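Below: the structure, in structure tokens.
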Amino acid sequence: VWRGCKLRIIAIAQENDNNLKMQSELQQYVYQLRIDAKILIVELADPEISKNAFERTLLMEERTMVLKQMQESRGGGNALGPHREISPLVTAERKSAVSARNSNESNGDANAATGNEMHE
């Protein structure tokens, strides 16, 4: 699947950084890790970096708050303890298991109502 793919590493530099030195040091580091990659250095001004980072941080914090509120309203907290959080993958797995169980129960109710229930 990954045959023929090329890895590109993009590093963000500021205006006062030495781009050539940064590229050569990064290329040497990647070579020592035995990774074949193309190194690209992108130069951005400070306001551009800080504005983008600030907006992304706000969005991430907002998503985290909404997720915590959903977890608290749904279950009244975390059953694993105060320091452990439930992974979103675990929550998605639980949701799919509950929906599958509910659909099986509703199918059983429909069969009982029509008299098509299987007897052992």
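Restricting to region 12-23, what's the tally of residues that are without any contact (Cβ under 8 Å) to a residue 24 or more places away in the chain, closer than 27 Å to Trp2 by Cα and not in a helix (DSSP H, G or I)? Looking only at that region, the number is 0. The set of residues from region 24-53 being modelled with pLDDT under 90, assigned to a helix (DSSP H, G or I) and surrounded by 10 or more Cβ atoms within 10 Å (Cβ to Cβ) comprises Asp46, Glu48, Ile49, Ser50, Lys51, Asn52, Ala53.
The values are calculated or read from the model by the stated rules, or taken from the named source; none is laboratory data. It should be emphasised that the depicted structure is a prediction, and the values quoted were computed from it without experimental measurement. Cβ: placed from backbone, ideal geometry, glycine included. Neighbour counts: every protein chain shown.
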